[in-house]
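For reference, the structure is listed below as structure tokens.
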Amino acid sequence: IICGGIDNDAEIIQKPVGESGTMWVPVGDPTDAALLTLFRKSGLDEAKLRQHYEVVMEFPFESELKRMSKVCKDGERYVVFTKGATEVLLPLCRSVHSPSGPKPLTPAEESRIGRLAQSFAEQGYRVISLAYRPIDSLPGGSDARGAAERDLIYVGFACIVDPPRDGVREAVDACHSAGINVVMITGDSAATAKTIARDLNILGPNSLVVEGGQIHELSDDEFA
């Protein structure tokens, strides 16, 4: 929860509604806003935690890397908080968090976590994995990001429901009726995207689901 709340660029503000009402409105990335909401509903003392974990270095989210990190002061040391796609984050982890402290992340445990995350993605959830790593000094050099985002301690993952807006399926059906081929482009994992596309009647028996890194491997005919 702390990782998702601190490694976060969103805000949630109150907006007036009507004459006397208010509503909470997310500002920034919806995924970050959902994790920030979880953080604030946890009952943890946010002001105290933000004072303790002062952010001193940031590595922003990049679609190619599918992760973001913040490096924070932690007393006399530092701690890296990282979140992102499970298939990207797990290979960067060497340990897994437990009540008794970090323990080695075995191939069997890594496989189990991957299968579990995949099962939620196939149900249409957006799955965000979280990890951290204590360090003695700030990473530097030409690959400071790589130095920070390695040998992480895996914490777990959060599942976020991000349903399509009302009217999207009807719009897709109207396009199909007009002979328009509908293509869905998303930053979600292939499993999540596949489930949502099927629910929206975009994914058919002959549809192709391709991740960004695989596009260059397609022929022109396959891409079309």
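The values are calculated or read from the model by the stated rules, or taken from the named source; none is laboratory data. Note that the coordinates shown come from a computational prediction; the quantities given were computed from them, not determined experimentally. Note that each Cβ is placed from the backbone with ideal geometry, even for glycine, and that neighbours are counted across all protein chains shown. These accessible areas exclude ligands, DNA and RNA; they are computed on the full protein's heavy atoms, side chains included. Shrake-Rupley method; radii C 1.70, N 1.55, O 1.52, S 1.80 Å.
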Margin query: Could you list, ordered by first residue, the pairs with Cβ atoms under 6 Å in which the first is in segment 7-25 and touching a residue at least 24 places away in the same chain (Cβ under 8 Å) and the second is basic (K, R), at least 6 apart or interchain?
Written below: D7/K70; D7/K83
Next item on the list: For residues that are within 30 Å of A197 (Cβ to Cβ) and open to solvent by 30 Å² or more (accessible area, probe 1.4 Å), tally how many sit in segment 120-154.
Entry: 5
Check: Of these, A34, A85, which one is out of contact with any strand residue (DSSP E or B) (no Cβ under 6 Å at 6 or more places or on another chain), hydrophobic (A, V, I, L, M, F, W, C) and open to solvent by less than 80 Å² (accessible area, probe 1.4 Å)?
Finding: A85
Note to self: Quick check on segment 38-51. Is at least one of its residues in contact with a Lys or Arg (Cβ under 8 Å, 6 or more places away or on another chain) and open to solvent by 40 Å² or more (accessible area, probe 1.4 Å)?
What the structure shows: yes
Next item on the list: Output the number of the condition that A224 fails; it satisfies all remaining conditions of (1) open to solvent by 60 Å² or more (accessible area, probe 1.4 Å); (2) of a type outside the set (S, T, N, Q); (3) more than 28 Å from P60 (Cβ to Cβ); (4) modelled with pLDDT of 90 or more.
Entry: (4)
Item checked: Of the criteria (1) open to solvent by 90 Å² or more (accessible area, probe 1.4 Å); (2) small (G, A, S); (3) touching a helix residue (DSSP H, G or I) at 6+ places or on another chain (Cβ under 8 Å), which one S177 fails -> (3)
Margin query: Return the pair list, or none, for Cβ contacts closer than 6 Å from residues in segment 98-125 that are in contact (Cβ under 8 Å) with a residue 60 or more places away in the chain to residues that are open to solvent by 30 Å² or more (accessible area, probe 1.4 Å) and assigned to a loop (DSSP other than H, G, I, E, B), at least 6 apart or on different chains.
Written below: A121/S189
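Only strands (runs of 3 or more DSSP E) wholly contained in segment 68-185 count here; list those with 1 or more residues that are farther than 28 Å from G212 by Cα. Don't jump to the end; show me each part of the working.
Details: elements: 77-84, 93-96, 126-135, 152-160.
Here the list reads 77-84, 93-96, 126-135.
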Next item on the list: Output yes when any residue across segment 13-24 is assigned to a loop (DSSP other than H, G, I, E, B) and surrounded by 18 or more Cβ atoms within 10 Å (Cβ to Cβ), and no when none is.
Entry: no
Note to self: Quick check on segment 180-192: of everything there that is closer than 22 Å to R126 by Cβ and open to solvent by 40 Å² or more (accessible area, probe 1.4 Å), which residue is nearest to the chain's Cα centre (by Cα)?
What the structure shows: G187
